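Everything on this sheet refers to the single structure shown next.
Bear in mind that the values in this text are calculations on the coordinates, not laboratory data. Note that the coordinates shown come from a computational prediction; the quantities given were computed from them, not determined experimentally. Neighbour counts are summed over all protein chains in view; Cβ atoms, including those assigned to glycine, are modelled from backbone coordinates with ideal geometry.
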Amino acid sequence: MAAATTASISLSLHLRLRPPLPPPRRPARYAAFLLPTPSFLPQRLRLAPCRPTWRPDVRVRAGSSIGALPALARPGGAVETDRLPSDVRDRAMEAVDHFGGRVTIGDVASRAGLQLAQAERALQALAADTEGFLEVSEDGEVLYVFPKDYRTKLAGKSFRMRVEPLVDKAKEVGAYLVRVSFGTALIASIVLVYTTIIAILSSSSDEDSRGRRRRSYGSTIIIPTDMFWYLDADYYRRRRVEKENGMNFIESVFSFVFGDGDPNDGLEEKRWKMIGQYISSNGGVVTAEELAPFLDVPPPSEESKDDESFILPVLLRFQGHPEVDEQGNILYRFPSLQRTASSKSGGSREYVGTKWSAMFGGVEKYLEEKPWKFSKANAAEKAMVAGLGGLNLFGVIILGNLLKQMTVTPGGLISFAAQLYPLLQIYAGSFFAIPLFRWFLLRKTNNDIKKRNTAREQRAQELLSPDSSLRRKLLSARDMAQRKVITPEEIVYTTEKDLSEQDYEVKEWERRFKELESE
C-alpha cells in the first residue's frame with residue numbers, strides 16, 4: 001500500500017496538477033488516480049467521499065462527453081427520486097431490472113426511450129437513494145450498479161411511492177363514478193320528465209279524476225325504472241362478473257356520448273423505446289431508412305427519397321450525429337448507445353433484408369397506431385342507450401310544451417322540474433349532438449391514422465426487400481457498428497469499496513506512468 005501511494009503522489013507531481021495534498025484528519029475513503037484517455041490527456045470526474053475533509057480528483061471519460069459525476073446523496077437526506085417525474089422513474093427502473101441491475105446511461109436511454117440527460121438524472125437519483133454504487137472501466141466508462149433489493153429500499157424511503165398507488169386507485173374510482181353518474185343522470189332525467197308530465201296532466205282534471213290519476217301516477221312513477229331494470233335485468237350480476245369489454249350498461253351511456261379515451265395513449269413512449277432498442281441492437285449505427293418505420297414520414301416517392309429531415313428528433317434525443325462512409329452514404333452514429341453492460345448480442349452484418357426480418361421475427365417492424373372506436377359498447381348496448389336517449393329527448397320536448405301552456409303558477413314537483421328544465425334541455429340535446437360531432441371527427445382522425453400506418457408499413461417493406469443501393473448502405477452501417485460490452489473484468493475502480501481494499505498493483509501504476517512520461 002505504501003508503494004502504491006508513492007506512485008500515485010509521484011504521478012500527480014509529474015503532471016503538476018496541484019501541490020501534494022495535506023494528510024487528511026481521518027483516513028480518506030477514496031484517493032486520486034489517473035486513467036489515460038485515448039489522447040492521454042486526463043479529464044476530471046469528482047467522486048464525493050462520505051463527510052470528506054478534502055475532495056480527491058478521479059479523472060475518467062464518462063460516456064461520449066467529459067464531465068464530473070455528481071456526488072451521491074448521503075443517507076438521511078432528501079429523497080432524490082421523488083424529484084423525478086413518475087414515468088421517468090418507472091421507465092428507468094424497468095430498464096435497470098431488464099439488465100440485471102448493472103447498466104450504462106445508454107442502456108437505460110435505449111431501453112426506456114428516455115433522453116440521455118433524463119436517463120443520467122434518473123440513475124443518479126436511484127443510486128443515491130438505494131445505496132447503488134459506480135464502477136469505472138479501463139477505458140473510463142461509468143456504470144451504475146444497484147443491489148437486488150433496491151426497489152424495497154426505495155419504497156422504504158419514498159413517501160411519494162407509497163402514496164402513488166392510493167392516488168392512482170382514487171383516480172380510477174373517480175373516473176368510474178363520473179361514468180356511472182352520467183349514465184344514472186339519463187335514468188333520473190327520464191323519471192323526472194315523465195313524472196312531471198303526468199303531474200301536469202293530472203292537475204288539469206277534476207278532483208275525482210285527479211285522484212284516479214294520482215293512483216295511476218303512483219304506479220306510473222316506477223315505469224321508467226321498471227323499463228330500465230327490464231332492459232338490463234342482469235345489472236347486479238354484470239357488476240360482479242367482469243365482461244370482456246369491462247363495461248356495464250350504466251358505463252355504456254358515457255361511452256356512447258364521450259367515447260372511451262385515446263386508444264394510442266402512451267404511443268410516444270412506445271415509439272422511443274422501439275427506436276432506442278433498435279439503434280442499440282444494431283451497434284449504434286443506423287440509416288435513416290431503418291428508423292423511418294417508427295416515425296411519422298411521408299409515403300416513399302421520388303420527392304421524399306432524399307429527404308431525411310425526419311431523423312432530427314432522434315439525433316437530438318439520443319445525441320447522434322451523421323457520418324459519411326466511403327461510398328458517400330449518410331449514416332447516423334449514436335456513441336452513447338454503443339456502450340453497454342449487457343452481454344446480449346446485437347445484429348450481424350449478413351442479416352439485412354428478409355434474413356434480418358426472420359432473425360427478429362418477434363419484433364414489431366413498424367409503429368402501428370390504433371384507430372379510434374366510436375364506443376366499446378356492443379351493438380345491443382348502443383341501441384339501448386340510443387333508445388333511452390331518444391325517449392328522454394321526446395319527453396323533454398313534450399314537457400316544454402306543457403310548461404308553456406300552464407296558466408297557473410306551478411308548485412311542488414312541477415315547480416322543481418320547471419327550474420331544472422334548462423339543464424334537462426342541455427342534457428337531452430348534448431346526448432346526441434356530442435356523439436354526432438365525434439362521429440365526423442373520428443372519420444377524419446382515423447383516415448389520417450390509416451395514411452400514417454400505410455406510409456410506415458411501406459417503409460418497413462422496403463427494408464424487407466432492399467434494392468442494391470439500400471442493401472450496400474445497410475451493410476455499410478453494419479460494418480461501422482461498434483458495440484462495446486463492458487465486462488466486470490474491465491472494472492478498475494468502484495465506489496463500493498475503499499481504495500485500500502481494491503486490487504491496484506504497483507506495476508500497473510508504473511506502466512501507466514511510463515506511458516505518460518514517454519509522450
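With a simple spin-label model that places each label point 7 Å from the Cα along the Cα-to-Cβ direction, the separation between A117 and E303 comes to 3.6 nm.
Between K169 and T184, the distance separating the two model label sites (each 7 Å from Cα on the Cα→Cβ line) works out to 2.1 nm. What is the sum of charges around P371, taking Lys and Arg as +1, Asp and Glu as -1, for the other residues whose C-beta is under 15 Å from the C-beta of P371? Counting the neighbours of P371, the net charge comes to +3. In order along the stretch 334-341, the Karplus-derived 3J(HN,Hα) couplings, from 6.51 cos²θ - 1.76 cosθ + 1.60 at θ = phi - 60°, round to 10, x, 5, 8, 8, 10, 9, 9 Hz, and Gly and Pro are given as x. One chain, two ends: F416 and K153. Fully extended at 0.36 nm per residue, the span grows by 88.8 nm beyond their Cα-Cα distance. Extension gain for the segment S465 to D262, taken as residue separation times 0.36 nm less the Cα-Cα distance, is 69.7 nm to one decimal. As a calculated quantity, the FRET efficiency between Q277 and K404 at R0 = 56 Å, using C-beta atoms, amounts to about 0.25. Applying the Karplus relation 6.51 cos²θ - 1.76 cosθ + 1.60 with θ = phi - 60° to the stretch 155-161 yields 3J(HN,Hα) values of 5, x, 8, 8, 5, 4, 5 Hz, where x marks Gly and Pro.
Shown is the FRET efficiency for S202 and Q425, computed with R0 = 25 Å from the Cβ-Cβ distance and rounded to the nearest 0.05: 0.60. Note on K451 and E368: their simple-model spin labels are 2.1 nm apart, each label 7 Å out from Cα toward Cβ. Computed from backbone phi with θ = phi - 60° and the Karplus coefficients 6.51, -1.76 and 1.60, the 3J(HN,Hα) list for the stretch 165-170 is x, 5, 5, 4, 5, 5 Hz; x is used for glycine and proline.
Distance from the alpha carbon centroid of the stretch 92-168 to that of the stretch 396-453 works out to 52 angstrom.
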